[in-house]
Amino acid sequence: MNTGLVLGKFAPLHKGHQYLIETSLSENEKTIVLIYDSPEVIAVPLRTRTAWIERLYPKVEVIEVVGAPSEVGSSPELTRKHEDVVFRALKGQKVNAFYSSEFYGEHMSRALGAVDRRIDSCRRKFPISATKIRQNLLSNKEYVHPLVYRDLVANICLLGAPSTGKSTLTKALGDKYHTAIMHEHGRDYWEKNQVNRRLSKEQLLELAQQHLILEEQALLRANRYLFTDTCAITTLLFSEYYHGDADEGLKVLAHQAVKRYSLFVLCADDIPYDNTWDRSGEANRAEFQSAQVAWLEEFRVPFLIARGDIQQRVAKVSDALRSVDLLRPALQILG
């Protein structure tokens with residue numbers, strides 16, 4: 001059985017990488033992809049990067065490599081380190097062809113006793129690199145598969161009772177970072193479907209489902225961050241407030257939201273209450289705000305509180321974004 005090998009950090013996976021994998025698949029009965037952990041390069045978890053390849057190329061055998069050298073070079077000591085890592089990862093599997101577009105294709109192929117298949121080394125077919133994508137995601141979107149792209153965007157969810165400034169802060173952050181926002185779909189849905197200022201439990205589930213569809217679309221328009229105005233957690237709390245319970249499907253979506261977002265921001269109720277016709281009064285705002293905090297604390301969901309005027313709130317969130325930037329080195333974030 002002829003076996004091809006592709007090696008990389010895939011930080012992130014782009015069309016140049018995919019070209020290597022697809023060439024190997026077309027020329028061999030078996031293709032192995034070794035993927036380095038490399039937290040010094042990117043914060044996207046190794047498991048996420050592995051999942052990209054597994055989902056796009058289910059016939060590929062993916063091997064995760066933790067602790068590989070972070071240095072890149074051609075010195076005898078460094079090439080030997082990289083070769084040793086590959087040999088240990090392969091565990092004796094024979095490789096017939098090594099696919100790359102880099103200088104290391106020569107020494108790695110020689111060490112493996114494999115054909116050196118150097119593909120598009122001048123980057124004419126796909127003039128892109130992972131470094132360029134990390135530097136400017138949106139400008140290089142054409143080289144990133146949608147499945148990958150949406151995982152590179154940090155999704156920031158803004159929560160809070162009615163009239164706590166969520167929509168204002170969402171727009172301000174979108175403007176500051178020149179990125180897409182996910183507007184409050186619940187308000188649009190409510191205005192279209194409410195009867196006596198109420199939605200049924202089934203309608204609230206539908207609202208949350210539609211929100212997720214629109215949010216997925218917004219992720220593909222976003223530039224590094226997506227700022228999302230409310231989520232299924234808020235919809236669940238509205239259902240419990242008005243009906244004393246919620247549809248089981250909505251409960252599931254609310255709990256899935258805990259892991260869906262990179263950061264939760266709770267807008268404080270320290271700004272003047274805007275008593276519009278569709279709201280239930282300042283006392284209701286305080287009650288709903290308490291319920292929001294209680295839910296987050298009950299399920300141990302970390303959240304940031306944004307207080308003060310809009311400038312103070314934007315500054316507070318901006319300070320926190322460094323810790324959730326998926327395209328920065330993980331080690332730099334932890335440091």
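The values are calculated or read from the model by the stated rules, or taken from the named source; none is laboratory data. Bear in mind that the values here come from a model prediction, so they are computed numbers and not experimental data. Note that we place each Cβ from the backbone using ideal geometry, even for glycine, and neighbour counts take in every protein chain shown. Please note that ligands, DNA and RNA were not included when accessible areas were found on the heavy atoms of the full protein model with its side chains. Shrake-Rupley method; radii C 1.70, N 1.55, O 1.52, S 1.80 Å.
Below is a table of values for the structure above.
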| item | result |
| --- | --- |
| Entries in LYS259/LYS316; LYS30/LYS59; LYS15/LYS125 that, when Cα-Cα distance is taken, lie over 18 Å | LYS259/LYS316 |
| Modelled label reach - ASN136, point 7 Å along Cα→Cβ, the stretch 222-249 residues with backbone N closer than 18 Å | 222-225 |
| Relative contact order of the chain, defined on C-alpha pairs under 8 angstrom at six or more residues apart (%) | 19 percent |
| Phi-based couplings in Hz for the stretch 60-67 (Karplus 6.51, -1.76, 1.60; Gly and Pro marked x) | 7, 8, 9, 10, 7, 10, 10, x |
| Karplus (6.51, -1.76, 1.60) ³J(HN,Hα), θ = phi - 60°, over the stretch 120-134, in Hz, Gly and Pro reported as x | 6, 5, 8, 6, 7, 6, 10, x, 8, 9, 5, 4, 4, 5, 5 |
| Sparse-neighbourhood loop sites, trypsin sites (Lys or Arg not before Pro) in the stretch 232-304 - DSSP loop, at most 14 other Cβ within 10 angstrom | ARG300 |
| Packing-based order for 148-155, 6-13, 82-89, 302-309, using average beta carbon neighbours within 10 Å, highest first | 6-13, 148-155, 82-89, 302-309 |
| Highest average packing first - 157-166, 261-270, Cβ atoms within 10 Å | 157-166, 261-270 |
| Sulfur and carbon atoms: percent of accessible area, the stretch 139-194 [1.4 Å] | 49 percent |
| Degrees between helix 76-90 axis and first principal axis of the chain (Cα, 0 to 90, nearest 10) | 70 degrees |
| Set of aspartates and glutamates with alpha-carbon distance to LYS176 below 15 Å, sequence-local pairs under 8 removed | ASP319 |
| ASP188 paired with ILE310, simple spin-label distance in nm, labels 7 Å along Cα-to-beta-carbon | 2.1 nm |
| Value of relative contact order over the stretch 2-83, rounded to a whole percent, pairs C-alpha under 8 Å and six or more apart | 29 percent |
| Accessible area of the chain divided out per residue, in Å², using a probe of 1.4 angstrom | 48 Å² |
| Burial order of peptide ranges 57-68, 212-223 (average beta-carbon count within 10 Å, highest first) | 212-223, 57-68 |
| Computed helical MRE - 222 nm, the chain, DSSP H runs ≥ 4 contributing -39500 (n - 2.57), nearest 500 | -14000 deg cm²/dmol |
| Rounded to 5, the percent of DSSP beta bridges in the chain classed as antiparallel | 5 percent |
